[in-house]
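Below you'll find the structure, written out as structure tokens, and then a few comments.
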Amino acid sequence: MLKYIALIDYDHLDNPVFLKSLAQALKTQGARKGILVHGDSEYTNRLIQTGMMREDARKRAIMDLNHRLVALFADHGVSTIGLHGYQKELIKIINGKPQLNRKVFNALLASPMLLLSSLVDNAGKPEYVPPIALIEFLFTELKDHEIVIFSQDTSPELYVASDYPPDLEWKNLSDIFKGKHLSEEQLHLTKKVKLTTGLNFSEWPNLKNCSIIQ
């Protein structure tokens with residue numbers, strides 16, 4: 001069965017309405033269908049305002065967010081394992097490039113929903129990598145997974161087919177479409193993705209009115 005690598009991007013991590021709809025979608029999906037990936041959010045800047053250095057604040061924010069998301073999903077009946085890329089040496093930077101520990105990853109296949117942060121192992125220490133880079137790396141490594149991203153549209157989640165043209169190209173996206181649906185972070189993607197909403201994600205893999213961008 002086709003699985004997903006879903007990005008909870010910077011903006012959505014600070015959106016409680018979206019996170020609630022995502023949790024409800026995961027509950028509807030039932031058994032684990034893929035991996036959720038996240039980095040940091042605006043929470044980093046709030047920590048910086050308390051006097052923390054940016055690097056330390058970002059790591060702290062990512063760790064806190066991972067715990068909070070696990071708790072949020074649990075409140076909605078979704079059993080989740082929160083994991084950082086550096087734990088168990090799951091993802092290591094070797095000669096400047098990420099490497100997936102297949103043995104560790106395969107051992108996680110029978111686990112509940114996997115929530116993975118973008119803190120990876122570099123010489124035994126956690127190092128931040130952009131979630132986009134991590135997702136595209138995992139997409140290349142895991143041949144049976146597709147990338148899923150979520151629309152930034154804040155209007156009520158009513159599905160209008162015209163809002164989600166089925167086939168699009170990154171290089172030809174209109175400014176109107178980008179302004180409505182995509183964050184600055186998401187626009188750094190280069191691989192094939194499926195764009196949907198948190199609510200519609202419950203229908204994976206048969207997503208209605210989603211757009212495929214490649």
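The values are calculated or read from the model by the stated rules, or taken from the named source; none is laboratory data. All figures in this text were calculated on a predicted structure; none of them were measured in a lab. Using ideal geometry, Cβ is built from the backbone for each residue, glycine included, and neighbour counts are taken over all protein chains shown. Side chains are part of the model used for accessible areas, which takes the heavy atoms of the whole protein and leaves out ligands, DNA and RNA. Shrake-Rupley method; radii C 1.70, N 1.55, O 1.52, S 1.80 Å.
Distant-in-sequence amide contacts of Ala6, defined by a placed amide H-H separation under 5 Å and a gap of 5 or more residues or a different chain, comprise Ile35, Leu36, Val37, Val148. With R₀ fixed at 45 Å, the C-beta to C-beta distance from Ile81 to Ile176 puts the FRET efficiency at about 0.70.
Treating r as the C-beta distance of Thr140 and Val17 and R0 as 30 Å, the FRET efficiency rounds to 0.40. Here is the P(r) of the chain: all C-alpha pair distances, binned every 10 Å from 0, give 8, 35, 38, 17, 2 in whole percents. Which of Lys59, Lys33, Lys103 ends up with the largest GNM mean-square fluctuation for the chain, with Cα atoms connected below 10 Å? Highest fluctuation among the options: Lys103. With a simple spin-label model that places each label point 7 Å from the Cα along the Cα-to-Cβ direction, the separation between Met63 and Ser155 comes to 4.2 nm. Helical content of the chain, expressed as a calculated mean residue ellipticity at 222 nm, amounts to -9500 deg cm²/dmol (DSSP H runs of 4 or more residues, -39,500 (n - 2.57) each, divided by residue number, nearest 500). Here region 19-98 exposes an accessible surface that is 49 percent carbon and sulfur, computed with a 1.4 Å probe and the other protein chains kept in place.
Multiply the residue gap between Leu2 and Ala110 by 0.36 nm, knock off their C-alpha separation, and tell me the result in nm, one decimal place. Kindly include the intermediate steps, with their values, before the conclusion.
Numbers: separation 108, 0.36 × 108 = 38.88 nm, distance 1.58 nm.
The Leu2-Ala110 span can extend by a further 37.3 nm.
To the nearest ten degrees, helix 54-75 and the longest principal axis of the Cα atoms of the chain are 60 degrees apart.
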